[in-house]
Amino acid sequence: MVATQIDPTTGFLDRYSCLKVAADLVARVRESGQPLAALWIDLDRFKQINESYGYLSGDSVIAFIAQRLRENVGSMAEIGRVGADEFVCLAPNFTRDHAERLAGDLMHAIETPLEIGEVHLRPSASIGIALLEAGDAPFSLLERADRAKISAKKQGGNRYVVSGDELVSGRAGTLLAREELAVEYMLHNALETGGLRLNYQPTVGFDGSVLSVEALMRCTVNDKIIPPVKFIPVAEKTGLIVRLGEWSLLEGTRQARRLQDAGLRTRVAINVSRAQLLDKKFAQALHAALVCANVEPELIELELTESLFMDISNTVQDNLRTVRGCGVSLSIDDFGTGYSCLANLKDIPAGKLKLDRAFVLVLPYDRRAMSVVRAMVQLGKDLGMTVVAEGVEKKEQMEALWDLGVDGIQGYYYATPMDSDALFSWLKEN
């Protein structure tokens with residue numbers, strides 16, 4: 001291994017050492033045939049922190065963010081600080097899927113609310129991902145990751161872009177429009193040809209029971225998988241989210257009936273968007289799904305983001321009352337990351353509170369996060385809600401949540417999202 005220098009604020013490699021380590025890794029993975037991913041991480045709007053609170057506060061923020069990166073990366077990769085608010089993560093043996101998953105985890109970890117003295121902020125980051133290609137020099141790999149990061153910044157930040165997918169300078173608007181049109185066309189195709197399916201991820205109680213299975217939409221057209229992060233925004237922008245939501249209701253209720261017929265009486269949780277609840281025909285669509293599937297309403301749960309419960313729209317409120325009136329249960333999804341008014345929580349007709357994975361990622365090492373989760377669990381219990389934690393992937397996270405009084409967990413620690421056949425097998429085994 002090459003000799004390296006350490007950045008004193010973060011404990012990471014400094015810029016020059018990061019380049020040397022990149023060269024060393026490129027040589028090693030070329031010999032072994034392993035993949036190599038570079039993630040260029042740039043904090044959004046960091047200049048404002050330095051200008052508003054001073055450089056000492058800025059350094060404190062950098063140190064906290066560095067700790068979050070370290071906790072999520074561990075020994076999987078090398079991390080270097082390559083700028084005032086920029087980091088590079090070099091991850092050997094990481095495919096594109098692994099790199100995208102890590103980028104998503106890092107974004108969630110970074111965006112956890114941060115309080116340092118008088119500084120109160122919710123940080124975010126733009127991340128560029130590059131995979132080592134044949135003939136790539138170390139500098140070329142990092143340069144492509146940097147360009148992808150710049151593209152993520154231009155798209156508004158708080159996202160990641162993979163090298164090769166970024167928008168070309170000067171043609172960004174045109175390329176984005178073309179991509180959205182292509183995705184919209186594929187969504188129509190999927191609706192007409194059966195390219196949609198639901199995968200299911202169980203929520204497991206600490207008593208061993210299966211509290212529910214969440215239905216997660218997947219889309220495949222001509223053997224090409226379109227990730228939700230791409231098709232959901234386009235569906236919301238074009239209004240197709242209502243049709244997708246109606247399809248999801250129909251398929252989710254049918255799955256609940258199939259499980260019931262197999263003796264696996266399990267509640268199916270279906271995500272519902274704001275656009276659906278703003279539709280005055282939503283109640284009709286829900287009733288139609290229940291009737292067509294001939295399923296008991298008690299076996300269906302609708303998951304909504306917390307902001308939806310605070311929507312003062314009469315249509316939204318009428319639809320929520322209709323849902324509860326027909327016996328379908330409601331859950332608050334991604335709790336803790338929206339803009340809820342705590343004074344309104346007492347009036348929310350939901351029976352389940354799902355804590356956002358951003359709080360889980362840093363457990364049990366972040367004491368502040370432990371305190372926040374403990375408070376949210378107590379609040380949910382006092383309101384008579386079942387409290388579930390999302391994004392649980394490690395044993396130590398599970399154990400911390402057990403100690404904090406959470407009722408159940410959802411995440412890769414117990415089960416990954418699976419198709420209908422795999423779900424039947426999983427439920428029978430568990």
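Coordinate-derived values only; no laboratory data. Every value quoted in this text rests on a predicted model; they were computed, and no experiment measured them. Backbone-built Cβ (ideal geometry, glycine too); neighbour counts: all protein chains shown.
Give the lysines reachable from K149 as a straight Cα distance under 19 Å; neighbours fewer than 8 places away on the same chain don't count.
Output for K149: K47, K230.
³J(HN,Hα) across the range 69-74 via Karplus (A = 6.51, B = -1.76, C = 1.60, θ = phi - 60°), whole Hz, x for Gly/Pro?
Those phi angles translate into 5, 4, 5, 8, 8, x Hz.
Most fluctuating residue of Q284, Q276, Q201 in a GNM of the chain with Cα springs under 10 Å: which is it?
Looking only at Q284, Q276, Q201, the largest GNM fluctuation is found for Q284.
Build a GNM of the chain with springs between Cα atoms under 10 Å: which of S140, S331, S151 gets the top mean-square fluctuation?
Fluctuation is largest for S140.
On a 0 to 90° scale, report how tilted helix 15-32 is relative to the longest principal axis of the chain, with both axes built from alpha carbons and the result rounded to the nearest 10.
70 degrees
Could you work out the longest stretch of the chain that avoids the trypsin sites (Lys or Arg not before Pro) located in DSSP loops with at most 16 other Cβ atoms within 10 Å?
Between the exposed loop sites, the longest stretch runs 46-170.
Which ³J(HN,Hα) values, rounded to whole Hz and listed in residue order, are derived for the range 83-96 from phi using the Karplus coefficients 6.51, -1.76 and 1.60 in 6.51 cos²θ - 1.76 cosθ + 1.60 with θ = phi - 60°, glycine and proline given as x?
Once rounded to whole Hz, the list reads x, 4, 10, 10, 10, 10, 10, 10, 10, x, 6, 9, 7, 4.
Quick one: what are the phi-derived ³J(HN,Hα) couplings along the range 371-381, Karplus 6.51/-1.76/1.60 with θ = phi - 60°, whole Hz, x for glycine and proline?
Couplings: 5, 5, 4, 4, 5, 5, 4, 5, 4, x, 5 Hz.
Can you list the residues, at least 5 places off or on another chain, whose amide H is less than 5 Å from the amide H of V221, using H built in the peptide plane?
Placed amide hydrogens put I226 under 5 Å from V221.
Please go through the residue pairs K153/K352; K352/K395; K281/K428; K352/K428 and name each one whose alpha carbons sit more than 27 Å apart in this structure.
With Cα atoms farther than 27 Å apart: K153/K352; K281/K428.
Classify the range 175-248 as rounded, prolate or oblate, taking a ≥ b ≥ c as the square roots of the eigenvalues of its Cα gyration tensor: rounded when a/c is under 1.5, otherwise prolate if a/b is larger than b/c and oblate if not.
Prolate shape, in that a/c is at least 1.5 and a/b is the bigger ratio.
Would you grab the residues whose amide H sits under 5 Å from the one on Y160? Only those 5+ places off in sequence or on another chain, please, with H modelled 1.01 Å from N.
Residues meeting the amide H criterion: I127.
Quick check on the chain: take the gyration tensor over C-alpha atoms, sort the square-rooted eigenvalues as a ≥ b ≥ c, and tell me if it's rounded (a/c under 1.5), prolate or oblate.
It comes out prolate by the Cα gyration axes.
Using only the Cα atoms of the range 178-429, build the gyration tensor, take square roots of its eigenvalues as a ≥ b ≥ c, and label the shape rounded, prolate or oblate: rounded if a/c is under 1.5, else prolate if a/b is larger than b/c, else oblate.
Rounded is the answer for the range 178-429, as its axis ratio a/c remains below 1.5.
Starting from the amide H of T386, placed 1.01 Å from N in the peptide plane, find each other amide H under 5 Å away whose residue is 5 or more places distant or on another chain.
Amide H neighbours of T386, under 5 Å, 5+ apart: K352, L353.
When the helices in the chain are scored as -39500 (n - 2.57) per DSSP H run of 4 or longer and the sum is shared across all residues, what 222 nm value do you end up with, to the nearest 500 deg cm²/dmol?
-15000 deg cm²/dmol
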